[in-house]
Every structure is written in C-alpha cells, then in structure tokens.
1. So is Leu113 in a helix (DSSP H, G or I), touching a residue at least 60 places away in the same chain (Cβ under 8 Å), open to solvent by 10 Å² or more (accessible area, probe 1.4 Å) and of a type outside the set (Gly, Ala, Ser) or not?
2. From the list Gly205, Gly162, Gly194, exactly one residue is within 23 Å of His74 (Cβ to Cβ) and either away from the ligand (no atom under 14 Å from the Cβ) or modelled with pLDDT under 95 (or both). Which is it?
3. If you check Val245 against the conditions, is it within 16 Å of the ligand (Cβ to nearest atom) and either without any contact (Cβ under 8 Å) to a residue 12 or more places away in the chain or within 24 Å of Ala326 (Cα to Cα) (or both)?
4. On the given criteria, is Gly227 in contact with an Asp or Glu (Cβ under 8 Å, 6 or more places away or on another chain) and assigned to a loop (DSSP other than H, G, I, E, B)?
5. I'd like the full set of residues that are of a type outside the set (Val, Ile, Thr) and over 19 Å from the mean Cα position of the chain (by Cα), limited to the stretch 65-80.
6. In this structure, does Val269 turn out to be touching a Gly at 6+ places or on another chain (Cβ under 9 Å), assigned to a helix (DSSP H, G or I), closer than 19 Å to Gly316 by Cβ and open to solvent by 60 Å² or more (accessible area, probe 1.4 Å)?
7. Among the residues of the stretch 61-70, which ones are without any contact (Cβ under 8 Å) to a residue 60 or more places away in the chain, surrounded by 12 or more Cβ atoms within 10 Å (Cβ to Cβ) and either out of contact with any helix residue (DSSP H, G or I) (no Cβ under 9 Å at 6 or more places or on another chain) or in a helix (DSSP H, G or I) (or both)?
8. Which of the residues spanning the stretch 184-218 are open to solvent by less than 40 Å² (accessible area, probe 1.4 Å) and in contact with an Asp or Glu (Cβ under 6 Å, 6 or more places away or on another chain)?
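The values are calculated or read from the model by the stated rules, or taken from the named source; none is laboratory data. All values derive from a computational prediction rather than experimental measurement. Note: ideal-geometry Cβ built from the backbone for every residue, glycine included; neighbour counts use all protein chains shown. Keep in mind that these areas ignore ligands, DNA and RNA; they rest on the heavy atoms of the full protein, side chains included. Shrake-Rupley method; radii C 1.70, N 1.55, O 1.52, S 1.80 Å.
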Amino acid sequence: MSASPAVLVINSGSSSLKYAVVEPDSGTMVADGIVERIGDGPIADHGAALQEALRQLAESGRPLEALPLVAVGHRVVHGGPDLYEPTLIDDALIAELEELAPLAPLHNPPAVLGIRVAREALPDLPHVAVFDTAFFHDLPPAAATYAIDRDIARQWHIRRYGFHGTSHSYVSEQAAAFLDRPLESLNQIVLHLGNGASASAIAHGRPVDTSMGLTPMEGLVMGTRSGDIDPGIISYLSRTAGMSVEDIETMLNKRSGVLGLGGAIDFRVLHKQIESGDGAAQLAYDVYIHRLRRYIGGYLALLGDTDVITFTAGVGENDATVRRDALAGLTTLGIDIDDRLNENPDRSARRISAETSRTAVLVIPTDEELAIAQACVRVIGE
Ligand code: ADP
C-alpha cells in the first residue's frame, strides 16, 4: 500500500451520500462509492449512510484504518456571503452553516448532517468544508448583482453566488495545462453539463460570469431543473393555480428541465426517444441546446476574444451530439469542431476542434473529488 496521504471526500445530498478516497498528490482515486436512498429502508439516516460507506470501504479491502488518511473533505454547496475559502470545520462553523440553510434549503442541511456524523465517526481527523460557491466569490459586481431593490437585496444577501465552482476552477486549470499556456493568459468558457449544468466565462483565470445565481436553479436547462424562467411564472402560478411556494419550487427543481419536457433525465435515453420519433423529447433537446447556445453567445461577447471552450461533466464529457449542436455554425466566429475528433469516445482530456479553429475546443473530465482533496491538504498544510 502506498504511503501517500489520502483524503476522504464526502458529498452529502438529501437522499444520497457520495464518498471517495483520493490521494491528492498523485490524483489517484483509491476508492469511491455512493450510498443511496437515505431515509428509505435500511439506511435510516445520514449516520447509517456513513456507516454503510465505511463498511463498503472495508469490504473492498480498504478499511479506513489502514489508509494514510490526513483529512476529511466535505463538499458544501452554499457558503453564503461570508464563507468561501476552504475552511477547517469546528462547532462555530457548523453553526454558521446552519444559519445558511434558508439560502440553500435543499443542499446545505444534508451537508451539515454529513459533517456531523463524519466528525462523530472520525473525530481524530481534521474536517474541511469546501464550498461550491468559492470560485465565484469575486464575480465582478455587474455580473453578481440582480437588478432588484438594492435594500432588499442587501438585507437578504441576494446576489449571484454561482455553483459548481470547484469544477469550473479545476477544469479551467486543466485546460490551461492541456494547452501548455499560463492560466492568466487565457479567456475561457467552461460548460459543466451534468445533471446540474452551469456555464462560466473566465478571463485570465478569474471568473467574470456564471450561469447559476442565488441558487443552483438559474441558467441552463438541466436534468430536472428549469434554469432561467420569467419570475412572473411564480407569482402567476401562486395566484391562479393555487400552488404553494414549496410546490412551485419542487416543480422547478425536480420536475422541470429535460425531464419535465421530455420525460427522461438521462441524455442517452433522451436520444433514443428522439430516434423513435418522440416529439416531446425532441423539443426538450432543442430547448436545452437553444439555452446553451444563448449562454455561449453571451460569454463570447463578454470575453471579446475566447481562447478555449471546454466541455465537462456527464453530458459534456460523453455526448458528442450535444457538443456538436452547441457549437454548430460558428465558423465565422473562429469556432470549428472536428467531427471525427468529437466522436472519438476517448475518456481522457482531449482537443476536439479542427486545426483551423481559432478557439480551441476541449473535453476535460472534471474531478471535483480530487480538487476538494487538494484544497483540504492546502488547508491543513500537509
Ligand atoms: P451530476 O450532476 O449528478 O454529478 P454527472 O455529471 O455525472 O451528474 O452527469 C450525469 C448525466 O450525464 C446523466 O444523467 C446523463 O444525462 C449524462 N451522461 C452520462 N453518460 C453519458 C453518455 N455516455 N452519453 C450521454 N450522456 C451521458
């Protein structure tokens, strides 16, 4: 067994707990897994889920006691206005995270539960919170500010926070490394297209815009989330359809996006439905691509000159059709995908643009667990 330090990374959702053991130095994923259906059947709560994760690790021949663990890293979705640096967790930080629950009611409470049970189970290790909002903390005010009553915005901490920051930061660094160019020399667009999806524009290493906002609901069409809608829809439904705010929020989060339009969350299924002539699936796909292209166009205008566009996450890494349609017809803007390279199912970081393309187009696998593990090691000074 290697003696390289390892970090246990925990990502607690409301009904699942994802875990990974990562060596931050080598980037090796020693083990990973997911415990699902928390609160449903034998996995009664997050404590039971963590015990199940530890049992799975032991069963796979990698009991935690035998690993050179130096820290536990926790993905926390929302850091609110004040928390953004990766932070050593203590009781005061947990109290602060609990106060942020109203800003991220779907995401932060399960993260806090995960932190609590992990600290109880592994009390001798430092635990570190890594925030999904961190990378976007310094968004320029023009990008971070909603044009709403400024006193209300100030009082309630309403701004655009942005999410998937760990991924956007990691992928933009990897893109610079792939091109063998300094991060500071590049203007980049990163398209993180997973079940959740977000885009960012990054100028000289600093984000200048991102598609998610106060919550992870804004922006692109996602697996189950609507992304941008007219806020008038909410008041209209509340007044006329008798839906409560919670009903509307659940609909926008869980029954919208490509699922709500096309009946499938997974793009592999969506493509099959389209092939079989399913008009609803076709419309879902068309709406998804239309929104994505609007953001890409907006970011091209913001950046002025774009050196690289990178696709990442489940859809971005695997779906050549989405990549093709996202950037089709942009030759006059200097963006040209090479179809053969695009369709190559290689899973490593790769270039898919033609030699003639002024803007490089890349596919880079994201690795949020590794980025979290590296952040942990920086915090604890290993
Ligand atoms: P999450 O946001 O949950 O981390 P991922 O980044 O893992 O999600 O993305 C999951 C999604 O990626 C799936 O729902 C599916 O739509 C898409 N996906 C995964 N593999 C493929 C594939 N081979 N082709 C097309 N889409 C894929």
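1. Taking the combined requirement at face value, the residue satisfies it.
2. The conditions single out Gly162.
3. No: the conditions fail for Val245.
4. Taking the combined requirement at face value, the residue satisfies it.
5. Hits for the stretch 65-80 are Glu65, Ala66, Leu67, Pro68, Leu69, Ala71.
6. yes
7. Passing the criteria: Arg62, Leu64.
8. Once the filter is applied, which keeps residues that are open to solvent by less than 40 Å² (accessible area, probe 1.4 Å) and in contact with an Asp or Glu (Cβ under 6 Å, 6 or more places away or on another chain), the stretch 184-218 yields Leu186, Asn187, Ala201, Gly205, Met212.
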